[in-house]
Amino acid sequence: MYAYLDPKHATITFKGPIDRVEFSIDGKLFSTEGDLAYDLARTRSNGRAYGLDTTLLGNGSHTVSARVLFKNGTNSTSTAKVTVGNGATARSIRVYTRADRAGSVPLVDARLSGKVAIHLAPTTPIANSTVRFSIDGNVVSTDTTAPYDMAGTAANGTAKLFDLRTRTAGCHTVKVEVRLPSDVVVVRVAAFTT
């Protein structure tokens, strides 16, 4: 998805020269753009916009806001509704008990034991991005190629299994941070119990 602030069509009262534009998705700051193009996912050095991989958003309705901050200290906001419909391909944290990733279930609220594969699904690549996994606040791995497996991917393409027996019994949290080429970071979090 490509989204940008178009001064000709925005519902903004312009109050002088623009300092920067803060883009939010569903009320959370997504990016800040100071380049004249004012692109949601930021602008490449060649002037072209980065596209936003909508599989990083949940399916359904989202609110995209552009808050324009003017050099005189005032601001104005324009908001639009967008609907994402990626079907089953929306990005989510999933868990598997098999290295071949068969029989996955959402990691959220899962009760787990032994060795498992924790993965950012689907297995399709996110162009030029870095995916970082952490568990309970500690970084476990960083990956730049799909498939994105928390414990890494074996040479034969199967997932390496993460041994949960190294964790104390109780609730744990996995955080997946996807750093896009524009330096925007999209985060997914899921809690599970051992």
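The values are calculated or read from the model by the stated rules, or taken from the named source; none is laboratory data. These numbers come from a predicted model, not from an experiment. Backbone-built Cβ (ideal geometry, glycine too); neighbour counts: all protein chains shown.
The set of residues in the range 170-190 being of a type outside the set (D, E, K, R), surrounded by 13 or more Cβ atoms within 10 Å (Cβ to Cβ) and assigned to a strand (DSSP E or B) consists of His172, Thr173, Val174, Val176, Val178, Val185, Val186, Val189, Ala190.
With respect to the stated conditions, Tyr50 is at negative phi, in contact with a Leu (Cβ under 7 Å, 6 or more places away or on another chain), buried (at least 16 other Cβ atoms within 10 Å of the Cβ) and touching a residue at least 24 places away in the same chain (Cβ under 8 Å). Counting only strands (runs of 3 or more DSSP E) that sit completely within the range 58-169, those holding 2 or more residues that are of a type in the set (Ser, Thr, Tyr) and in contact (Cβ under 8 Å) with a residue 60 or more places away in the chain correspond to 75-84, 92-96. The residue that is nearest to the chain's Cα centre (by Cα), among those in the range 113-139 that are under 13 Å from Phe162 (Cβ atoms) and of a type outside the set (A, V, I, L, M), is Phe133.
Please work out if Arg67 is under 25 Å from Val131 (Cβ atoms) and modelled with pLDDT of 80 or more. Criteria not met by Arg67.
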